[in-house]
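Notes to accompany the following structure.
The values are calculated or read from the model by the stated rules, or taken from the named source; none is laboratory data. Since the model is a prediction, treat every value here as computed from it, not as a measurement. Please note: Cβ atoms are built from the backbone with ideal geometry, for glycine as well, and neighbour counts cover all protein chains shown. When the accessible area is computed, the model is the full protein with side chains, heavy atoms only, and any ligands, DNA or RNA have been set aside. Shrake-Rupley method; radii C 1.70, N 1.55, O 1.52, S 1.80 Å.
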Amino acid sequence: MVALDSDSLNEVSELRRQLRALKGLTETRPGVFTYGGMPFLEFHKGAGGGLVEVELRNANTGSAAVTRLGASTPLESRKVLDEARRRLARLTDD
């Protein structure tokens, strides 16, 4: 996986802003989010090089069990945000 360049990060700037607003998430580097110091979400270039993918990790362990979602369209970005909210809700319910 390849980290996003600055142009690609700008393409997902609104999604990144919305993720930063979620309680408990911290953007430690551009496109890299943690929860409680553990890896939670990271933006990458997709396999074809033109798409943006998001890796969502298990925030309790930072494990490599990763869910990859697209984030190149508004609908895909919405799904990423919804999935992040769902996972965060599970963490705060425990």
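So the values come out like this:
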| quantity | calculated |
| --- | --- |
| Residue satisfying all of: in region 1-45; among the basic types (Lys, Arg) and not in a helix (DSSP H, G or I); nearest to Val66 (Cα to Cα) among these | Lys45 |
| Condition check for Leu19: surrounded by 11 or more Cβ atoms within 10 Å (Cβ to Cβ), at pLDDT below 90 and within 11 Å of the chain's Cα centre (by Cα) | no |
| Of all residues in region 37-81 being at pLDDT 85 or above and open to solvent by 70 Å² or more (accessible area, probe 1.4 Å), the one that is nearest to Val12 (Cα to Cα) | Pro74 |
| Top-ranked residue of region 22-36 - restricted to ones that are touching a Phe, Trp or Tyr at 6+ places or on another chain (Cβ under 9 Å) and among the small types (Gly, Ala, Ser), ranked as least open to solvent (accessible area, probe 1.4 Å) | Gly31 |
